[in-house]
Amino acid sequence: MKRRTGTRVPLSGKAAVAGLLSTALLLAGCGAGGRDDDDGDGEGGGASDTGVTADTITIGAHFPLTGVAAPGYSEIPTGVQAYFDYVNANGGVHGRKIEYVVKDDGYNPTNTSKVTNELVLQEEIFAMVGGLGTPTHSAVVDFLNDEGVPDLFVSSGSLMWGDDVESRPMTFGWQPDYEIEGKIIGQYVAENMPDAKVGLFLQDDDFGEDAEQGVRRYLDDQIVDVQRYTSGSTDVGPQIAGLQAAKADLVLSFNTPSYTALSQLVALKLGYEPEWFYSNVGSDPGLVGALLSEISEGAVAGGAAALDGVLTTEYIPGVDAPDDPWVQLWQKVWDEHGEKGELTNYRVYGMSHAYAFVQALQEAGEDLTREGLVEALESGSQDLEGPQLAPFRFTEDSHMGISGMQVVELKGGVGEALTPVLVSDIGDAEITEDTSGQAEDAPPESGVPE
């Protein structure tokens, strides 16, 4: 089997200073009116819906560009912008260039509501693409649907983005949801560690709740303790001590990278040495290594090897796989159109969902409408190529995102595959090995979906 290594869901950022964690810690993740018609001679024809002209498509997104959440998170839209610039330089989509408007919400739901109103009512965007965060995007998801704005590829694994199509027909997830990740992790442990005493370390919101629901389908009898933390609190000592007292020798953690670092530091202080299995959300080796070094003031060595031996999951290739053809494409895109700095897993994440959006635009055709875009995704998701290891699940009845992932062990910052790509769906859907061939897809030579 070809090994694919990859990005963890980027729902936290690299600390700018050692005091970041004591200031604030992040949660998991995350139209009215119309433009005047333009009947110019662009290949795309005249305007066909809000945010569309003869030669442009205007879309929007909300991200924390400033504040404590900005490090890391703010890199995602730079990756998106670089890929859209690449597509625009290669002729755009049906002759139209993509204009990308990003608003800063500071990872505050109140701000998210404000900037989303601006994007929809003032900027008159055609679609929201990749809005980040569960608590932030949940504040605007119903507004976007009420306004008939396509709300695509939310940067969060919450079930709410794709499990209720009737109530939210315009919203689509992108990454695997937390429940199927919990199921895949639970099955792996049940089959390979049947004697393990399992503890759960969970973020106390739908991130942890959805994941626990998936895990318990396979591990209910092995779980000896469940500890939950509230995002924003820096004291996880009682939770880790509770897991230690329960003699949990395997801890399944569904948390952001900040809490990966905190849990590791507290465990070291307590002399607690279980095996750790972190959700992809919290297992970016470079980020966690930097956090460990910073918040310990150098007492713990940082670097990508900081999580050696940790188990996790992945669903797209990342910067730890430089020979992967998709990563090579992203590197080319970044070299040609990126801002300062290096290609990171955050930027890879952004480019990956930008690629999916371009495919959706192409499928929707030249006479671009909001309803047509939604219909294109519902009818053609099995044909969507891209870096994702498993197919999307988009249908008329489900807007859930990527259907699977693989279990890996981190060594030297690189994920070494322990399973093939496994796919499932929410509820009691069986977990099976993916046979779609999706993981073997390579990008087109042009780098633009065909």
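The values are calculated or read from the model by the stated rules, or taken from the named source; none is laboratory data. Just so it is clear, the model here is predicted, and its values are computed rather than measured. Methodologically, a virtual Cβ is constructed for each residue, glycine included, from the backbone with ideal geometry; neighbour enumeration extends over all protein chains shown. Side chains are part of the model used for accessible areas, which takes the heavy atoms of the whole protein and leaves out ligands, DNA and RNA. Shrake-Rupley method; radii C 1.70, N 1.55, O 1.52, S 1.80 Å.
Observations, loosely collected:
- Verdict on PRO387 being open to solvent by less than 40 Å² (accessible area, probe 1.4 Å), part of a loop (DSSP other than H, G, I, E, B) and either polar (S, T, N, Q) or within 21 Å of PRO176 (Cβ to Cβ) (or both): yes
- Residues of segment 427-450 that turn out to be of a type in the set (A, V, I, L, M, F, W, C), farther than 17 Å from ALA354 by Cα and modelled with pLDDT of 95 or more, as a count: 2
- Of all residues in segment 135-166, those that are under 25 Å from GLU212 (Cα atoms) and open to solvent by 10 Å² or more (accessible area, probe 1.4 Å) total 8.
- Candidate set: segment 90-117, residues that are assigned to a helix (DSSP H, G or I) and in contact with a helix residue (DSSP H, G or I) (Cβ under 7 Å, 6 or more places away or on another chain); chosen: the one farthest from ASN145 (Cα to Cα): PRO109
- Scan segment 47-75 for residues that are within 27 Å of GLN328 (Cβ to Cβ), open to solvent by less than 10 Å² (accessible area, probe 1.4 Å) and modelled with pLDDT under 95 and the total you get is 2.
- Test: VAL224 is hydrophobic (A, V, I, L, M, F, W, C) and buried (at least 19 other Cβ atoms within 10 Å of the Cβ): no
- Test for ALA305: is it more than 18 Å from the chain's Cα centre (by Cα), over 26 Å from PHE392 (Cβ atoms) and at pLDDT 95 or above: no
- Verdict on VAL408 being part of a strand (DSSP E or B) and either in contact with a Cys (Cβ under 9 Å, 6 or more places away or on another chain) or under 30 Å from ALA306 (Cβ atoms) (or both): yes
- Only residues that are in contact with a helix residue (DSSP H, G or I) (Cβ under 9 Å, 6 or more places away or on another chain) and not in a loop (DSSP other than H, G, I, E, B) were counted across segment 122-158, and they come to 14.
- Complete set of residues in segment 364-376 that are aliphatic (A, V, I, L, M) and either farther than 20 Å from VAL448 by Cβ or touching a Ser or Thr at 6+ places or on another chain (Cβ under 9 Å) (or both): LEU368, VAL374
- In segment 106-154, the qualifying residues are those that are of a type in the set (Val, Ile, Thr) and in contact with a His (Cβ under 9 Å, 6 or more places away or on another chain), and the one that is nearest to PHE394 (Cα to Cα) is VAL154.
- Within segment 288-337, restricting attention to residues that are part of a loop (DSSP other than H, G, I, E, B) and among the charged types (D, E, K, R), the residue that is nearest to GLY437 (Cα to Cα) is ASP324.
- Note on segment 260-284: among residues that are at pLDDT below 90 and touching a strand residue (DSSP E or B) at 6+ places or on another chain (Cβ under 8 Å), the one that is nearest to LYS247 (Cα to Cα) is GLY282.
- Those residues of segment 83-102 which are over 15 Å from ALA354 (Cα atoms) and buried (at least 20 other Cβ atoms within 10 Å of the Cβ), in sequence order: ARG96
- Scan of segment 385-413 for residues that are over 28 Å from GLU275 (Cα atoms) and of a type in the set (Val, Ile, Thr), ordered by number: THR395
- Helices (runs of 4 or more DSSP H) wholly inside segment 178-245 that include at least 1 residues being in contact with an Asp or Glu (Cβ under 6 Å, 6 or more places away or on another chain) and more than 26 Å from THR136 (Cβ to Cβ): 237-245
- Taken over segment 289-326, the criterion of being of a type in the set (Asp, Glu), buried (at least 17 other Cβ atoms within 10 Å of the Cβ) and either under 14 Å from TYR278 (Cβ atoms) or out of contact with any Gly (no Cβ under 9 Å at 6 or more places or on another chain) (or both) is satisfied by GLU314 alone.
- Filter result for the condition that a residue is more than 20 Å from the chain's Cα centre (by Cα) and surrounded by fewer than 22 Cβ atoms within 10 Å (Cβ to Cβ), over ALA364, ALA376: ALA376
- Residues satisfying the stated conditions in segment 418-444, i.e. over 20 Å from the mean Cα position of the chain (by Cα) and either in a strand (DSSP E or B) or closer than 19 Å to VAL281 by Cβ (or both): LEU418, THR419, THR432, GLU433
- Of all residues in segment 90-106, those satisfying the criterion of being in contact with a strand residue (DSSP E or B) (Cβ under 8 Å, 6 or more places away or on another chain) and not small (Gly, Ala, Ser) are VAL93, ARG96, LYS97, ILE98, GLU99, TYR100, VAL101, VAL102, LYS103, ASP104, ASP105.
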